[in-house]
Amino acid sequence: QRTGFRGFAGGWFRPGDGMLDPARLCRGLARAATQAGARIVSGIRVHGIDEDGGLRVRTHRGDVRAERVVLAVNAALPRVDERFAASLYPVRAQMHVTACAEGPRLPWPVYAHHGYEYWRQAPAGELLFGGCRWAEEPDRECGVSDDTCVSEPIFSAQRDFVRRHLPRFASLPVTAAWAGIMAFTADSMPLVGAVPGSTRQFVCAGWN
């Protein structure tokens, strides 16, 4: 009754849970790194890394020499080091956002169906809804690395979920839809630490 959801048998409120704005987090990390003396260069394609006494990062703009390298490219990790293709794979996620809703705002993020659906309301009132990968059976978007388009079956399943369970948002027009690539591992644990066989390369990827 408090949430306005329909068709749910129950719920679990977790006071210690929360959410963060990933864009603000990324900008904050970049700002802190820059203040510490780092130089950030975007739009660079890395082709590979050679270890020959030091490290040589091969890019489409030339080589970069480094004492240490952190591989924090998540689903793109196998493209930089093909050895990780056996332990990490891409999974495409999809979301859409609606126009602003009037009335009280949902104050917390919500997960349903073991995380297959998730939504939150932005401060201005827009509904951000994602999930329903199960609509793309049998693989559920596992192994998909193309984020330039969205899946129509998944989008239809998302809108049907909103109509059935979140009636307050059902009539709002969709203003945008997009996809993003996650990185999953076989045991659902991230890959963090030294790259096997190296004391100069480190990995931080596979956050499932």
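Let me check I have the definition right: for region 1-83, take the eigenvalues of the Cα gyration tensor, multiply each by 5, take square roots. What are those semi-axes in whole Å, largest first?
On the way: eigenvalues 341, 65, 28 Å².
So the equivalent ellipsoid measures 41, 18, 12 Å along its semi-axes.
Rounded to the nearest 0.05, the FRET efficiency derived from the C-beta distance between Ala85 and His60 at R0 = 22 Å is 0.55. Solvent exposure of region 76-208, expressed per residue, is 53 Å² of accessible area, with all protein chains present and a 1.4 angstrom probe.
Annotation: extensible slack from Ile44 through Asp139 equals 31.1 nm (criterion: 0.36 nm per residue apart, minus Cα-Cα distance).
For the residues His96, His60, His114, His47, a 1.4 Å probe over the protein chains yields an accessible-area ranking, largest first, of His114, His47, His60, His96.
Placing a pseudo-label 7 Å from each Cα along the Cα-to-Cβ vector at Arg200 and Ala72 gives an inter-label distance of 2.1 nm. Measuring nothing but how far apart in sequence close Cα pairs (under 8 Å, 6+ apart) lie, relative to its length, region 27-88 scores a relative contact order of 21 percent. Between region 181-208 and region 126-178, the alpha-carbon centres lie 28 Å apart. Across all directions, the average flat footprint of the convex hull enclosing the Cα atoms of region 114-208 is 8.7 nm².
Axis of helix 22-35 versus longest Cα principal axis of the chain: the two differ by about 30°, to the nearest ten degrees.
Neighbours of Cys149, meaning other residues whose beta-carbon lies under 14 angstrom from its beta-carbon, give a summed charge of -4 when Lys and Arg score +1 and Asp and Glu score -1.
Roll a 1.4 angstrom probe over the protein heavy atoms and tell me the percent of accessible area of the chain that is carbon or sulfur.
54
Once you reduce region 8-74 and region 83-117 to the center of their Cα atoms, the two points are 21 Å from each other. Charged neighbours of Phe129, selected by a Cβ distance under 14 Å, balance to +3 (K, R count +1; D, E count -1). Can you give me the distance in nm between label points at Phe5 and Glu51, each placed 7 Å from the Cα along the Cα-to-Cβ direction? Taking the simple label geometry, Phe5 and Glu51 are separated by 4.6 nm. The gain in end-to-end length when the Thr34 to Leu20 segment is fully stretched comes to 2.9 nm, 0.36 nm per residue minus the alpha carbon separation. Its Cα centre serving as origin, the chain has a Cβ charge dipole (Lys and Arg +1, Asp and Glu -1) of approximately 700 debye.
A Förster radius of 35 Å combined with the Cβ-Cβ distance from Cys100 to Arg27 puts the calculated FRET efficiency at roughly 0.90. Here the scattering of the chain is modelled by Debye summation over its C-alpha atoms, one equal scatterer each and no solvent; at q = 0.09, 0.14 Å⁻¹ the log10 of I(q)/I(0) is -0.47, -0.99.
Spacing of the modelled spin labels on Val110 and Trp12, each 7 Å from Cα toward Cβ, amounts to 1.7 nm.
Only Cα pairs under 8 Å and 6+ residues apart enter the sum, and on that basis the relative contact order of region 47-203 stands at 27 percent. Since only Gln121, Val203, Gly54 are under comparison, the one whose Cα sits farthest along the positive direction of the charge dipole of the chain, derived from C-beta charges on Lys, Arg, Asp and Glu, is Gln121. Kirkwood analysis of the Cα pair distances in region 84-135 returns a hydrodynamic radius of 12.7 Å.
The values are calculated or read from the model by the stated rules, or taken from the named source; none is laboratory data. This one's a predicted model, so the numbers in the text were calculated from it and none came from an experiment. Backbone-built Cβ (ideal geometry, glycine too); neighbour counts: all protein chains shown. The area values use the complete protein model at the heavy-atom level, side chains included, leaving out ligands, DNA and RNA. Shrake-Rupley method; radii C 1.70, N 1.55, O 1.52, S 1.80 Å.
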